[in-house]
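To start, the structure itself, in C-alpha cells.
Just so it is clear, none of the values below were taken in a lab; they were calculated from the coordinates. Keep in mind that what you see is a predicted model, and the values were worked out from it rather than measured. Neighbour counts are summed over all protein chains in view; Cβ atoms, including those assigned to glycine, are modelled from backbone coordinates with ideal geometry.
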Amino acid sequence: MEYRRKQFIALLLIFSFIICMFSVSTGAIGDITCNIVKDIDKVEVTGKAFPHSDISLTVTRTIDGSKSFLSQMRTGENCEYSFAFALEGGDYRVTVASNGLYKQAPLFIKTSDTKTVTVRVEGQRETILPQTEVSILAGETTLLQAVLGALDSGKIKYELHEGLLDSIKGEEGWQWLVNNQGGMYLPTSILYGDEEILLI
C-alpha cells in the first residue's frame with residue numbers, strides 16, 4: 001500500500017511538472033511584432049519580441065534574394081527592439097527572428113528608377129496568375145526576375161532548371177509575350193517599366 005502511494009505521488013509530481021513546463025513554454029511563445037517606418041533617408045524597424053532575447057533582422061531584395069541588410073541585437077526587460085538603416089530603392093522582404101519564431105513583412109522603397117510591369121499566366125485550363133503588378137528597377141530587372149517576383153507574390157508553385165523557368169504548377173513549355181509580341185524577348189532581357197508580360 002505504501003509503495004502504491006509513493007508511486008502515485010511520484011506520478012502526480014511528474015504530471016504537475018509537465019503541466020508547469022507546458023504552461024511556461026506556451027506563455028513564452030508570444031507573437032513577434034514588426035513595425036516599419038520609412039523616412040526620406042532611412043528605414044526604422046521596431047517592435048516587441050521576448051525579454052532578454054537575441055533578435056535578428058534580415059532585409060532581402062525580392063528580385064534576386066540578395067541580403068541588403070543584416071543586424072542583431074538583444075532585447076531588454078521591456079521586450080522592445082529597434083533597427084535603423086539606410087536602403088536603396090526597391091522591393092524587399094523584412095524578416096525579424098527570435099527564439100525560433102519569425103515575422104515577415106514587405107518593404108517597398110520607391111525611387112526615380114522604380115517602375116512597374118504586369119505579369120499574367122494563362123494555363124491550359126485556367127488562369128494560373130491573374131494580371132499582377134510587380135515593381136522593378138528600370139534598366140536592371142530582367143524579364144525572368146519580374147515573372148518570378150509575380151509568381152512568388154501570388155504563391156504560385158514553379159520549378160527552375162539551370163536558372164530557367166521549367167514549369168508552373170506542373171505545366172511546361174511556356175511561351176513569353178511582352179506587349180503582345182513573342183520571340184523578341186529572352187528571360188535575361190532587361191525591363192524598363194510599363195511592360196505587359198503574358199505567359200501562355
Sites S189 and K157 - FRET efficiency at Förster radius 25 Å, r taken between beta-carbons, to 0.05
0.55
The stretch 69-86 versus the stretch 102-139: alpha-carbon centroid distance in Å
30
Through the Karplus equation 6.51 cos²θ - 1.76 cosθ + 1.60, θ set to phi - 60°, convert the phi angles of the stretch 180-185 into ³J(HN,Hα) values in whole Hz; use x for Gly and Pro.
6, 10, x, x, 9, 10
Arranged from highest to lowest average of other beta-carbon atoms within 10 Å per residue, in what order do the peptides 136-147, 75-86, 187-198 appear?
136-147, 187-198, 75-86
Of K110/K155; K42/K157; K67/K169; K42/K103; K42/K155, pairs whose Cα-Cα distance is over 26 Å
K42/K157; K67/K169; K42/K155
When the Karplus curve 6.51 cos²θ - 1.76 cosθ + 1.60 is applied with θ = phi - 60°, which whole-Hz ³J(HN,Hα) does each residue of the stretch 70-78 get, with x for Gly and Pro?
9, 7, 8, 8, 10, 6, x, 5, 7
Net charge near Q145: determine it from the other residues with C-beta under 12 Å of the C-beta of Q145, scoring Lys and Arg +1 and Asp and Glu -1.
-3
Could you derive backbone 3J(HN,Hα) for the stretch 131-146 from the dihedral phi with the Karplus parameters 6.51, -1.76 and 1.60 (θ = phi - 60°), listing whole Hz in sequence and x where the residue is Gly or Pro?
3, 10, 7, 10, 7, 10, 9, 4, x, 10, 6, 8, 4, 4, 4, 5
Distance in nm between label sites at F108 and E80, each 7 Å beyond Cα in the beta-carbon direction?
3.0
